[in-house]
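Presented below is the structure to which this report refers.
The values are calculated or read from the model by the stated rules, or taken from the named source; none is laboratory data. Keep in mind the model is a prediction, meaning the values are calculated, not measured. Every residue, glycine as well, gets a Cβ built from its backbone with ideal geometry; the counts of neighbours run over all protein chains shown. SASA here: full protein model, heavy atoms, side chains in, ligands and nucleic acids out. Shrake-Rupley method; radii C 1.70, N 1.55, O 1.52, S 1.80 Å.
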Amino acid sequence: MLWKELKGRKVLGYQFMRQKSVGEYIVDFYCSKLKLVIEIDGESHKSRYDYNIQKQRDLESIGLTMLRFNDVDVKQNMPNVLMVVKGWIKHNPLNPLY
């Protein structure tokens, strides 16, 4: 489960909040220090495409970055999901550790 990997500063020392309110939206995971939102797209997201696009645009307009993952990838390919998140963190200019 992604939450187990993100909690407790396990991902390169950064803390992620789960189901965090950001502006008018609730995001799946949020790290305020990195200004990073992680969204997990499951079945419920398929019928809300326009809403999801607007949500991403709105959050990006206030300086946040959004990484999106399919819930199947999170369930079946967690190492690659974590590799993408860690890669983004390492190459993020807000990251003082690298």
Item to check | Looking only at the range 1-15, and only at residues there that are open to solvent by 60 Å² or more (accessible area, probe 1.4 Å) and in a loop (DSSP other than H, G, I, E, B), the one that is modelled with the highest pLDDT | outcome: 15
Checklist entry - What number goes with the only condition from (1) without any contact (Cβ under 8 Å) to a residue 24 or more places away in the chain; (2) among the charged types (D, E, K, R); (3) more than 27 Å from residue 13 (Cβ to Cβ) that residue 58 does not pass? => result (1)
